Amino acid sequence: MVPMRGREQSSPTIKAIPIRTTGKPADGSPHLETIDTGALRRARHVTAATALSTARRWRGLLGLLTIAFALPCSSCVYARAFYFNIPSLAAANYFDHREVAASSHPLPFERRREQVAFPMRQSRKATYPTFEDLVEKNDTRALLVLHHDVLVYERYFGDVTAETRLPCFSMSKTFAAVLMGCALQDGLFATVDQHLVDFVPALADRPGYSEITLDHLLRMTSGIDFEEESVAGAVLYYTTDLRSWTHTFDVTSPPGQHYQYGSINVQLLWEVLQPRLAQRTLASYFQERIWKALGAEWPATWDLDSAESGVEKLSGGLSATVSDFARLGVLFQHHGRFADKAVVSEQWVKQTLADDPVAGVVHTTDGAVRRGRYQWFWTLDGRCYFAKGYNGQYIFVDRDRDVVVTRFGEGYGEVDWTALFAAMAASLPER
């Protein structure tokens, strides 16, 4: 039952930053003297606006290196890229952030007295004597399985424990989509068919933006010319001024007609929500509407672009414990309810999971999958849906078998993870 990966395809979640430094200590952390960390906090993306506009016309390592050496050392975007390199699970500590408090009434999962043992194919046992060898040697740091809301399997590897706060990268977008559903219920906007410029008038004079709706942003069919796996994606991740950066892209195709994965779409939703939260931050709204309602046992954090700017990285900045992330799968299995209390409407859950007729079948590191409307993917057989983040973070749900698998890692290794999750779910007994 160990599906192995074939040739890896382009992932819609990867923020490609093709820069590596040398001379790291054995624990993999960068030398602190490499970059003046005070300069990192003080530097401003806006000082490099002209150069970054030029950078967008370049692709890959050459473009990033060229612009990096053309900028002053204090340009925070590229200083951050050189300092942090390609994102890892250590990204939970990269940025300034706002804390999201744990629930005042936490709801720990019931645990099975004896954890299940997942079977291994005989042909794989020479390489991987046990199931735990398989997952650990293929870059896994945490693997949790819930069956009928009971935690039946829980393993952590390396330095990760049940209390470790980890970044979920692009799974943040799935949580952001749930938050939009809560905001709709709360009357912060009337319908997803409202136009972006009604909330962000600064974009009204930009050609094409007047036709973009909130639904287009949630579905990534806005027509905004943003290439995720480019310098633009790296800058979106590392910039200290998200509002300035997200306003620099053109609309090059009619909104609603084409799907193009781009983190900028979800990040623009921050500008929809934040002005309607009065004195609250988006992190505090998330805390009240989602995190506490899910009975989270541990605090989470939302990364900021910088302390000075104070914009939550809605497209990729949520960090939490693995067991608390798993609550999202349980919420969707119960149609928007958790512990029999409504968190988001059942209609929003249905709308979120519905097939997106524009995106259809997309190709990711998991092969060909179907795209749900609001930040979920479906296996082609329509049995299982999943959220995913950069470098192999998953919340995977087998709807019929009522199984939620949550996996965090430092890469994919050689395993076809969604096929493995489905096989794990199929091996569990019925009630």
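To the nearest 0.05, how large is the calculated FRET efficiency for S345 and D381 if R₀ is 30 Å and r is the Cβ-Cβ distance? Display every interim value, and only then the final one.
On the way: r = 27 Å, r/R0 = 0.91.
Efficiency at R0 = 30 Å is approximately 0.65.
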When we measure straight from the Cα of K341, which aspartates and glutamates land under 18 angstrom away, once same-chain ones fewer than 8 places off are left out?
E110, D149, D186, E288, E297, D324
Neighbour-count order for R327, R280, fewest beta carbons within 10 angstrom listed first:
R280, R327
Nearest-0.05 FRET efficiency for A368 and R121 at R0 = 25 Å, using Cβ-Cβ distance, is 0.60
Using a 7 Å offset from the Cα along the Cα-to-Cβ direction at both A423 and D225, what is the distance between the two label points in nm, to one decimal?
4.5
Placing each pseudo-label 7 Å from Cα in the direction of the beta carbon, D159 and E211 end up separated by a distance in nanometres of 5.0
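What does the charge count around A342 come to, taking other residues whose C-beta lies under 15 Å from its C-beta (Lys +1, Arg +1, Asp -1, Glu -1)? Intermediate values should be presented prior to the final figure.
Details: positive: R289, K292, R327, R337, K341, K350; negative: D186, E288, D340, E346.
Result for the neighbourhood of A342: +2.
Ranked highest first by average number of other Cβ atoms within 10 Å, how do 178-185, 340-347 line up?
Descending mean neighbour count gives 178-185, 340-347.
Compute the orientation-averaged projected area for the range 320-431 from the convex hull of its Cα atoms and round it to one decimal in nm².
Working: hull surface 30.3 nm².
The orientation-averaged projected area of the Cα hull of the range 320-431 comes to 7.6 nm².
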With each label point set 7 Å from Cα along the Cα-Cβ vector, what nm distance links A354 and L277?
2.8
Here the gain from full extension of T252 to H105, 0.36 nm per residue of separation minus their alpha-carbon distance, amounts to 48.1 nm
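Each reported figure results from applying straightforward, stated rules to the coordinates on display, with no laboratory input. Given the structure is predicted, the values throughout are model-derived calculations rather than measurements. As a convention, Cβ positions derive from the backbone with ideal geometry for all residues, glycine included, and neighbour counts pool all protein chains shown.
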